Each structure stands twice: as structure tokens, then as C-alpha cells.
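Please read the structure below before turning to the comments.
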Amino acid sequence: MEKIGKYELVREIGRGATSTVYLGSDPFTRREVAIKVGFPGILRDPKRGRLYTHLFLNEATLIGKMSHPHIVQTYDAVVDDHLCYIVMEHLAGGTLDTVCAADRLLPVERVVEIIFKCTRALDFAFQLGITHRDIKPANILFVSTDPNQGDIKISDFGAAIIGSPDRTLVLGIGSPAYMSPQQVKDQALDHQTDIYSLGVVMYQLLTGQLPFQARNSYDLIYQIINAEPRRPSTLRNDIPPALDAIVTRAMSKQLADRYASWAEFSQDLAQAFRGRKLFLSSERMADMEKFGKLRSFAFFEDFSDVEIWEVVRFSEWTRVSPGTMIIEDGDSGDCFYFLAEGELKVLKNGMLLDLLTCGECFGEMAVIGKATPRRGADIVALADAKLVVISGSALQESSETCRMHFYQSFLAVLSARLASANVRLVSF
């Protein structure tokens, strides 16, 4: 089997203008990896070789800096004048290119979920001083082979701006169809150029076509600078006005009219769900809704976005009807809960002890006590309720920082309960 460095090359899985991507095997970690190898001839080209080497070096500098559930992880890199390759995590799914045709479009709510995850990932990069500068469907990957479910991850930070805003136009790199007016005019760029590009991606995922149709690159650039695209809803009748407005603002030609921050962009996407402007089956809850719900709980105030996404992945969400016994006094337990919607009552020997409302945590003693855990009260649903269920094993397998924040928040919850109990005792 052919090798590059310590990695075994299994087969070719992709090819671009400057590199070939192979499925590889890391013999030390025993995991599959994707290895992007630069074409030797291009690297030696007297005019373009230095540029392409720089692109590989750009990605290499980000090793270990971009740990986010919706960004492809880079594990290793070799960059010199004769050999350039980047070793990344391998994802089973294809790119968003596979769902950009009019006959293969995803449901509207799935598109919004994908774009929401992209906004959070790109905001994470922005907080590190990184602007991607080449956002397009080919650089956003599905984790699952089924595009209708699972996570997505953003890849290819070779053209990224790292640090202060930049006006360098990387000629021949990227796709003009996704470039902002500022980018095609060779103006200084920051995160707002990525916001525009993601707006174009959203437009294409919703409608199956690009916002501007052109015969050549000159006509395309003219339209990007001067023309206004049709509203997405004129091309697909199940697109609500709320999404027309979001796409329009993301793709505004003037920076003052475009989203100023990723937070504004993601908040509008979330609001489209919260305001019931989009239809979503009651049996299914999008990851973006789960993220927004957890982020709103005081318990998760000190959790980073990365840790919230981790909780989304290992938690289970379920609905219960009025009268359902969720926890029974004396039973053993190996999980704890958050109340996401509804109201619950806490009973001891039939007497009402407390009422639980949205955002409250309960049952946590089952995972923080040393002895075999036993439930200390009955907890019953007063109305239709939505619960977040987290098992003790899932918590133990979570990242160290995520687990630390859970225990810190548990202490805050227990402290508040003790204070409340003291107030009750004093009042007697």
C-alpha cells in the first residue's frame, strides 16, 4: 500500500484544482483520515507555487486551534517546497454540493438548521480572529451519509484571513459566485464577507440555484456589485417571508445593511423557529432548537458554545403527558433531567414539596452521589412537558471541561436549594 509520511493511502476520494484528497489510515491512532496532497507540479510552478504553498501553510497553522463540533479537525501537516499535505478527520458524508440541485433540495427546516450550525462555527472562528473567505457548498461537509440528518462541518481554511482584516484577493482561489461585493472589488475583508457568502449558500440550498445567473465572470461580478436577486420564496413556495428577510440581509451589498455579527444572523434563524414561522413536526426537534433552549437555561450560563453542542449530542429529549410519573421515590436512578417545557410537581409521601418550571434541573443526585443512588421524591408532570435526559455514563464520557462545568453548576443548584430551605425553616 502506498504511503505518505506515516500514513497509508487507501484510495482517492476527491480531486480539486490544486490537490488530491485520499482516504488514509493512521497506523498509530488506528483511525481513518482524509489526506489532502498538493500537486507536485503546481507547488514547483514559478508563478503560483509560493501561493499554493502558503495556502497549505495557512491550514497547517490552525492545527489544534479550531476545536469545534462543526469544524473539520486538522491533525497533522507537512509543508515544504516539494511536498505539502494536510491530514484531517474523515467524514462519511459528501458535501453540500449534493443537495444544491432543484430536484435534490432538503426540507426548509433542515436548511435552516445547517446554516445555523455554520453561523455558530464561523462565529467561533471569528472569536479566534479567523475569517474563512471561501465559504461555499463544497467546503461544508455532511458527517452522515444521509443529508437529512446528522451534523455538518466546515472545511478548507487555506484561504483564511488570520488576524486583522485583509484586502488580499487570492486570484484563482475560491468561487466568484459566493464572493461578497467587497471581495470582488478587492476591498478590506472581515467576517462580514463570510456572512455574505453563507447567505449565498443558504439561497442555493433553499432554491436550487445561485442568486445570480451569468454568462461569464465579468457579468457575474457586475451583478454581485449592482443587481438584486429574486426573493427565494418566488422560486419555492414553502419558503416563509422570515427566511426571505434573513437571506436578503445576509446578502446585503452594503456592510451597514448586512448582519454586523454572527450572533445577529444566528438569532434571526432561531427566531424563525421560535416564532413558529417555520413548520416542524412535534415529534422532531432540530439541533439548533436544542442548542437555543439549553443556552437560555441559567444552568448553562458558563458553558461555551462548544460545550453546549456537546450536550446536544449526548442528551436525549422526550415528551411526557400530564400525570406521568417521571421519578418515583425510592427507585434507583442513573440519569438526571432538565425541564425544557411545561411544569412538574415534587411530592414526598403525597405532600407537595415544590413546583419545577422551565430550565430547572432535577435528579442530579443520581450521578453526583457516591452510594447507590436512590430517588428521594416523586416527580410528576402537571401538564404536557418536554424533558432533557442525561445519563450518568454520558456525563462521565463527556469532555473534561464540559464535565467540570456540570459539577460547578450542580454546586450552584444545591447551594440555591439549601438557601431556599433555610428561608423556609426560619419562616416556621
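Just so you know, all these numbers are worked out from the coordinates, no wet-lab data involved. It should be emphasised that the depicted structure is a prediction, and the values quoted were computed from it without experimental measurement. Positions of Cβ are backbone-derived with ideal geometry, glycine not excepted, and every protein chain shown enters the neighbour counts.
Values computed for the structure shown
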read-out	value
Proximal charge balance of residue 208 [Cβ under 10 Å; K/R count +1, D/E count -1]	+1
Ratio Rg/Rh, restricted to the stretch 296-427 and using Cα atoms, in which Rh is the Kirkwood radius	0.95
Size of the stretch 96-279 as Cα extents on the principal axes (Å, biggest first)	42, 36, 32
At R0 = 35 Å, FRET efficiency that the Cβ-Cβ distance of residue 42 and residue 263 yields, to 0.05	0.35
Estimated Rh, the stretch 63-104: Kirkwood, alpha-carbon pairs, angstrom	12.9
In degrees, nearest ten, helix 108-127 long axis to first principal axis of the chain (Cα)	80
q = 0.07, 0.10 Å⁻¹: log10 I(q)/I(0) that the Debye formula gives for the chain, counting C-alpha atoms only	-0.42, -0.80
Whole-number percent relative contact order across the chain, with pairs defined as alpha carbons under 8 Å at least 6 apart	10
Per-pair calculated FRET efficiency, R0 = 60 Å: residue 357 and residue 10 via Cβ, rounded to 0.05	0.65
Cross-link table 65/117; 3/153; 65/153; 293/345; 36/290, entries beyond 23 Å C-alpha to C-alpha	3/153; 36/290
Estimated [θ] at 222 nm from DSSP helical runs (n ≥ 4, -39500 (n - 2.57)) normalised by residues in the chain, nearest 500	-10500 deg cm²/dmol
Restricting the stretch 83-168 to trypsin sites (Lys or Arg not before Pro) in coil, as DSSP defines it, with at most 12 other Cβ within 10 Å	167
